[in-house]
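A.B. asks: Below is the structure I would like to discuss, written out as structure tokens.
The values are calculated or read from the model by the stated rules, or taken from the named source; none is laboratory data. Everything numeric in this text was worked out from a predicted model, so none of it was measured. Don't worry about glycine lacking a Cβ; one is built from the backbone with ideal geometry, like all the others, and counts go over all protein chains shown.
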Amino acid sequence: MKIMFSAGEASGDMHAAAVAAEIRRLRPEAELFGMGGSGMARAGVRIIYDIQNLGIIGVVEVIKHLPLFFRLRDLLRDAMIREKPDVLVCVDYPGFNMKIAHMAKEMGIPVVYYIAPTIWAWNKGRAKPIARDVAQVASIFPFEAEAYRKAGARVTFVGHPLADVVKPSMTKDEAMAYFHADPAAKRVLLMPGSRKNEVAGLLPVMLDAARQLHAEMPCQFFLPRAETIPQEMLDSYLDAAPELIVEVTEGNQYDLMQICHACVASSGTATLETALMELPTVLVYRLAAFTWFLAKRLVHVKYAGLPNLLLDREVTPELLQEEVRGDRISGLLRAWLTDEAERQKTIEELKEVRSALGSGGAVRRTAELVLRTAEGLNEH
């Protein structure tokens, strides 16, 4: 059995690697190859194109890199002709992977799409080619699965891979000691994002909120540093708030989440992680004015936060654009820090997020779906 993968960026490589490793466990004799990175290589995938250079290509640069993408498309097409895989697994990277999926369909190679295009949020026009070209969509969200079913695609809800990995590795006592946490303080997590422009736009406002809370009660603040954010950048903001105790941390993020009372986080995967860790969180996000103007017209969802989209109600309060102010953030956090009953009420609601994502096992279910598709057992 031959299984081909196509992943075009670091996150796709990570998700594809997990599925490849599970396939290797279930079917050791399977031959795995394709486009990917170091994670997939470690999982036993024979890499025919290393994606390390693709991650640096931004939207603005795509046009001048079109010759590269054409060569890459031809390389993968030739590989499919030569290797004759039993299935192609496309992981995220929709602008490119949708074209590869169409080529595979024309060659009679069934396609499984994992981390599929977000037709539920925007660009619903992508649903039609996905339904036409893809044998199975391995859907990570229940509302996504429903959107693809309505579009006529063959879809299996596998659950979200984060449901498998978001859990602490330490006891609470061990985590308290590890992070030098103050038992007498209210512990608040600050997560301004992993992009420099996010940190520049959000961290000063988060620190303003922190000052207001610090003036009212003993507080200890924690700030996990993303690998993409230089320490010097964080220091430049923290030096301007010497009255605050802000511990910059690296690693063991889920252990840190379990000892905090509340969090303020940039919109994105972080809010899904805090929800899975049952940590009450305020979601904040700012876009450039023109980008916000476009987003309001192109994005067709009620909420910005994944926990809220999953439950179809606001369990994670959202502050967007001009609402992102220190007093608004501190007001929402204060309710959880001063009223334990209110905090527990939010925690009970957040417990529903894990149920909505599935009970774990997303990677295993995806691997099994790929194997069934390769064996022609998903024709319906």
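A.B. asks: Any residue in region 199-218 that is in a loop (DSSP other than H, G, I, E, B) and within 17 Å of the chain's Cα centre (by Cα)? Step through it out loud before you land on a result.
C.D. replies: Taking region 199-218 and keeping what is in a loop (DSSP other than H, G, I, E, B), we get 215-218.
Keeping just the survivors that are within 17 Å of the chain's Cα centre (by Cα) gives none.
No - not one qualifying residue is present in region 199-218.
A.B. asks: Looking at L311, L298, L357, L294 in this structure, which one is of a type outside the set (V, I, T) and either at pLDDT 85 or above or under 19 Å from C263 (Cα atoms) (or both)? Can you show your working first?
C.D. replies: Values: L298 fails: either at pLDDT 85 or above or under 19 Å from C263 (Cα atoms) (or both); L357 fails: either at pLDDT 85 or above or under 19 Å from C263 (Cα atoms) (or both); L294 fails: either at pLDDT 85 or above or under 19 Å from C263 (Cα atoms) (or both).
Among L311, L298, L357, L294, only L311 is of a type outside the set (V, I, T) and either at pLDDT 85 or above or under 19 Å from C263 (Cα atoms) (or both).
A.B. asks: State which residue pairs qualify: first residue touching a residue at least 40 places away in the same chain (Cβ under 8 Å) and over 10 Å from P129 (Cβ atoms) and inside region 92-104, second residue in a helix (DSSP H, G or I) and among the hydroxyl-bearing types (S, T, Y) in any location, beta carbons under 7 Å apart, and separation of 6 or more residues or different chains.
C.D. replies: Qualifying pairs under 7 Å: D92/S11.
A.B. asks: Cβ contacts < 7 Å: first residue assigned to a strand (DSSP E or B), restricted to region 242-271; second residue of a type in the set (G, A, S), any location; separation 6+ or different chain. Result?
C.D. replies: From residues that are assigned to a strand (DSSP E or B), the pairs are V264/A209; S266/G193.
A.B. asks: Further question on the same structure: Could you tell me which residue of region 263-278 is surrounded by the most Cβ atoms within 10 Å (Cβ to Cβ), considering only residues that are among the hydrophobic types (A, V, I, L, M, F, W, C) and closer than 18 Å to R313 by Cβ?
C.D. replies: Filtering first and then ranking leaves A275.
A.B. asks: Now a separate question. List pairs: first residue in region 183-211 and in the same structural domain as R328 (by TED's automatic domain parsing) and under 15 Å from L320 (Cα atoms), second residue of a type in the set (G, A, S) and assigned to a helix (DSSP H, G or I) anywhere in the structure, Cβ distance under 9 angstrom, at least six positions apart or on different chains.
C.D. replies: Final answer for the pair search is P192/A200; P192/G201; G193/G201; G193/A270; V205/G326; M206/G326.
A.B. asks: For residues that are of a type in the set (F, W, Y) and either in the same structural domain as Y303 (by TED's automatic domain parsing) or not in a loop (DSSP other than H, G, I, E, B) (or both), tally how many sit in region 108-122. Can you show your working first?
C.D. replies: Step one: of region 108-122, the residues of a type in the set (F, W, Y) are 113-114, 120, 122.
Next cut, either in the same structural domain as Y303 (by TED's automatic domain parsing) or not in a loop (DSSP other than H, G, I, E, B) (or both) only: 113-114.
The qualifying residues number 2.
A.B. asks: Next up: So, in region 349-376, of the ones that are assigned to a helix (DSSP H, G or I) and among the small types (G, A, S), which residue ends up farthest from P307 (Cα to Cα)?
C.D. replies: Here is the first cut: in region 349-376, the ones assigned to a helix (DSSP H, G or I) are 349-357, 362-374.
Then drop every residue that is not among the small types (G, A, S), which leaves 355-356, 362, 367, 374.
Working: S355: 11, A356: 9, A362: 18, A367: 26, A374: 34 Å.
Going through the qualifying residues, I end up with A374.
A.B. asks: I would also like to ask the following. I'd like the full set of residues that are at pLDDT below 90 and β-branched (V, I, T), limited to region 59-84.
C.D. replies: V59, V60, V62, I63
A.B. asks: OK, next. List pairs: first in region 19-40 and more than 19 Å from Y93 (Cβ to Cβ), second crowded, with 24+ Cβ neighbours inside 10 Å and among the hydroxyl-bearing types (S, T, Y), Cβ under 8 Å, 6+ apart or cross-chain?
C.D. replies: Close Cβ pairs satisfying both conditions: E22/T366.
A.B. asks: When you scan region 260-288, how many residues do you find that are modelled with pLDDT of 95 or more, under 15 Å from A209 (Cβ atoms) and among the hydroxyl-bearing types (S, T, Y)?
C.D. replies: Qualifying residue count, region 260-288: 1.
A.B. asks: Let me ask something additional. Can you run down the residue pairs with Cβ atoms below 9 Å, 6 or more apart or on separate chains, where the first is in region 144-167 and without any contact (Cβ under 8 Å) to a residue 40 or more places away in the chain and under 20 Å from G12 (Cβ atoms) and the partner is part of a helix (DSSP H, G or I) and not aliphatic (A, V, I, L, M)?
C.D. replies: Final answer for the pair search is A153/R132; V155/E144; V155/E146; V155/Y148; V155/R149; V165/Y254.
A.B. asks: Shifting gears a bit: At least 1 residues that are among the small types (G, A, S) and at pLDDT 95 or above in each: list the strands (runs of 3 or more DSSP E) lying fully within region 123-191 that qualify.
C.D. replies: Details: elements: 136-139, 155-157, 186-191.
Of the strands (runs of 3 or more DSSP E) lying wholly inside region 123-191, those with at least 1 residues that are among the small types (G, A, S) and at pLDDT 95 or above span 136-139.
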